[in-house]
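Structure first, then comments.
Every read-out reported here was derived from the displayed coordinates using simple, explicitly stated rules and does not represent laboratory data. Predicted, not measured: the structure shown is a model, and the values here were computed from it. Glycine gets a Cβ as well: all are built from the backbone with ideal geometry, and neighbour counts include every protein chain shown.
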Amino acid sequence: MALLTILTYPDPRLREVGLPVAIVDNSIRSIVDDMAETMYSAPGIGLAATQVGIPLRIFVVDIAAEGEQSDLRVFINPQIVERRGKHMWREGCLSFPDVAEEVKRAQSVRVKALDRDGRAFELDAQDLLAVAIQHETDHLDGVLMIDQVSPFARRRIGRKLATRARPALSG
Ligand code: GNR
Ligand code: NI
């Protein structure tokens, strides 16, 4: 297992669209395991392969609270096939350190995907798990939370992270 480097905005690789995984073999399982280790180490509740510079349609999620039994879920070639309801959710993203913004999301989703063994499954998710699945699915399409906030919030986030990427120039 290995820790992977999480890319931060505005790294252009975050805009890549992931390719479907053709076969879930040991090389894919190795990527999944490294992604899980990287997510737990961050720590985050999800991580998409595009965030670690791997343009494949893979993400991992674990929404278990601290001290609870871990609950790793692996999604390969995920497809959201149904969305129900709407709500605003305050989201963070490992690619936007120290940023939290309200994003409009479906309240519940039905998702189809392959698991770590390449087996197809379907899942109904709501609230935080549904939000995480939508957030990670967006990453696989190169879509970032900054795309879904007001122009005002977008400018504020852009300034904050541009300054942080060039600390020597930040006055
Ligand atoms: O760790 C994360 N927390 C989070 C909180 C609310 C909504 C979405 C997320 S996902 C984020 C990890 C991440 O950046 N995944 O891509
Ligand atoms: Ni994210």
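Just a few scattered comments:
- Charge-dipole axis of the range 58-168 as Lys and Arg at +1 and Asp and Glu at -1 on Cβ define it, positive-most pick from His139, Gln69, Leu123: His139
- Straight Cα distances below 15 angstrom link Lys104 to the aspartates and glutamates Glu91, Asp127, Glu136, Asp138, Asp147, with same-chain residues fewer than 8 positions distant left out.
- Taking a ≥ b ≥ c as the square roots of the eigenvalues of the Cα gyration tensor, the range 68-163 is prolate, since a/c reaches 1.5 or more and a/b is larger than b/c.
- Length gained when the stretch Ala2-Tyr40 is fully extended (0.36 nm per residue, less Cα-Cα span): 12.5 nm
- Compared with the alpha-carbon gap, the fully stretched path from Lys104 to Arg84 is longer by 6.0 nm at 0.36 nm per residue.
- The 3J(HN,Hα) values that the Karplus relation (6.51, -1.76, 1.60; θ = phi - 60°) gives for the range 18-33 are, in residue order, x, 8, x, 7, 7, 9, 7, 10, 5, 5, 5, 4, 5, 4, 4, 5 Hz. Gly and Pro appear as x.
- The share of alpha-carbon pairs in the chain lying farther apart than 23 Å comes to 38%.
- Proximal charge balance of Asp141 [Cβ under 13 Å; K/R count +1, D/E count -1]: -2
- With Cα atoms, 0 to 90° folded angle of helix 151-165 axis to the chain main axis: 80 degrees
- Tensor-based shape of the range 44-104 (alpha-carbon gyration tensor, a/c under 1.5 rounded, otherwise prolate or oblate): rounded
- Protection proxy ranking, peptides 19-25, 131-137, 42-48, 93-99, average beta carbon neighbours within 10 Å, highest first: 131-137, 42-48, 93-99, 19-25
- Shape call, the range 2-57: gyration tensor on alpha carbons, a/c limit 1.5: oblate
- On Cα atoms only, tilt of 127-140 relative to the major axis of the chain in degrees: 80 degrees
- Residue with peak Gaussian network fluctuation, the chain [Cα springs, cutoff 10 Å], from Ala113, Ala64, Ala36: Ala64
- A DSSP coil position with no more than 14 other Cβ atoms inside 10 Å describes the following trypsin sites (Lys or Arg not before Pro) in the range 94-140: Arg119.
- Dipole magnitude for the range 1-124: about 620 debye, using +1 per Lys or Arg Cβ and -1 per Asp or Glu Cβ, origin at the Cα centre.
- Relative contact order (%) - the range 101-163, alpha-carbon pairs under 8 angstrom, separation at least six: 30 percent
- Length available on full extension from Asp117 to Asp11: 0.36 nm per residue minus the Cα-Cα distance, which gives 35.0 nm.
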